[in-house]
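Have a look at the structure below before the remarks.
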């Protein structure tokens, strides 16, 4: 798997990603999501992480290695906070990404090697870990019948998956797009209180889990999305 970003592709990715993040932020702050203020940190963390990553890439391209390393460390701080609210396999993946980003920041700051390939892969892994965590939080919220929070976390997971696939590019990005779109539609239903069925939600969680796992395999990850028991959610 080639994670090196070509100059033109890199420029397009840096230019477009903040716009995607802004669009997602608008959705998350809509009136329908106002019922879950305690979960505001979820998509905000996803957006902040991606913003720091794209800033790091832009600084690196300008050979401003100190700034690039600082942006990576800011992203790492965001991941550490998310790890504090995670459990199980998701926490392990987040902690692994924290360690990888700490190492990457030191290498970038020292400008000891061409780090473009490492940056793309490590950024993809971090976003993937975040997607895994938010899906786990969505399942937890579902178990407590907090359906609006479950929808909010599903949308955050979808954003993490989309961001991760964007750093990988190619077939991974194309393959994730349908899963991301379907998850957002389901998330909107749960957040807004629209009518949904047990089978619909079960299939949505399964599809998202498969999408996260497929990308995880490409990235060399070892943790998989846990199955979700829909038996108590009639």
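Values in this text are rule-based calculations from the coordinates and carry no lab data. Being a predicted model, the structure only gives us computed values, none of them experimental. All Cβ positions, glycine included, derive from the backbone under ideal geometry; neighbour counts span all protein chains shown.
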Report task. Could you line up 148, 199 from fewest to most neighbouring Cβ atoms inside 10 Å? Result -> 199, 148
Query raised in the report: Using mean Cβ contacts within 10 Å as the protection proxy, how do 156-164, 204-212 order, highest first?
Result: 156-164, 204-212
Requested in this report: Just grab the label-to-label distance for residue 111 and residue 85, each label 7 Å out from Cα along the Cβ direction, in nm (one decimal).
Outcome: 3.8
Report task. Mind running the shape call on region 96-213? Use the C-alpha gyration tensor, a ≥ b ≥ c as the square roots of the eigenvalues: rounded below 1.5 for a/c, prolate if a/b tops b/c, oblate otherwise. Result -> prolate
